[in-house]
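Input: a single structure, listed below in structure tokens.
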Amino acid sequence: MNIWNLITEGNFEEAVKAVDDQSKTEENLFNLRNKLYALFHLNRYQDCVTLSLIIIDRDNGQVDSDFIFLGIAYWALGEYQNAISSWASGEQSLYTDAAGGVELQLLLLFAAIKTGDIKGGKVIRRKLEKLVPKKKKT
């Protein structure tokens, strides 16, 4: 059975088991990332942290979305500083969203607002302004 199909059908436990079974014979980062989606749906945030760290290690931190998911899992666990550190680490990733890293900056801005980090929020806003140029008036 296709793991993504299991997830889209809401069979999250089955998806986790399917990835675990496949992992015994082959290493597939794509499937591990799918397992992460299933774990989030199951509210298994500590398992999400563990799996995210494994994915980041195996992929040498090349993809910012891995850091995004790690940070989200930490945030869900109430570990806000770990979440912020995870998102900040993702800024060094080789591959980012199509907008050049806007997603990470928005998460960092969210964290700055929620934690009352006014100085950090200003720095992030400047980064966002560079990534998303203002619309020219016509």
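Laid out as a table, the results:
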read-out: Residue under evaluation residue 33, criteria (1) closer than 27 Å to residue 6 by Cα; (2) under 14 Å from the mean Cα position of the chain (by Cα); (3) free of Cβ contacts under 8 Å to residues at least 24 places away in the same chain, criterion not met; value: (3)
read-out: Subset of segment 49-96 [among the acidic types (Asp, Glu) and either in contact with a strand residue (DSSP E or B) (Cβ under 7 Å, 6 or more places away or on another chain) or under 28 Å from residue 26 (Cβ atoms) (or both)]; value: 57, 59, 64, 66
read-out: Residue count, segment 105-138 (criterion: open to solvent by 100 Å² or more (accessible area, probe 1.4 Å) and under 20 Å from residue 69 (Cβ atoms)); value: 1
read-out: Flag for residue 113 being under 12 Å from the mean Cα position of the chain (by Cα) and either more than 20 Å from residue 30 (Cα to Cα) or of a type outside the set (Lys, Arg) (or both); value: no
read-out: Complete set of residues in segment 115-138 that are assigned to a loop (DSSP other than H, G, I, E, B) and closer than 18 Å to residue 83 by Cα; value: 116, 117
read-out: Residues that are in contact with a helix residue (DSSP H, G or I) (Cβ under 7 Å, 6 or more places away or on another chain) and among the charged types (D, E, K, R), drawn from segment 57-95; value: 58, 59, 64, 66, 91
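For every residue, the table says whether it meets (1) among the charged types (D, E, K, R); (2) under 19 Å from residue 77 (Cα atoms); (3) at pLDDT below 95.
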site: 1; (1), (2), (3): no, no, yes
site: 22; (1), (2), (3): no, no, yes
site: 35; (1), (2), (3): yes, yes, no
site: 39; (1), (2), (3): no, yes, no
site: 46; (1), (2), (3): no, yes, no
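The values are calculated or read from the model by the stated rules, or taken from the named source; none is laboratory data. On a predicted model such as this, the values are computed, not experimentally measured, just so you know. Because the Cβ atoms are built from the backbone with ideal geometry, glycine has one as well, and the counts that use them run over all protein chains shown. The area values use the complete protein model at the heavy-atom level, side chains included, leaving out ligands, DNA and RNA. Shrake-Rupley method; radii C 1.70, N 1.55, O 1.52, S 1.80 Å.
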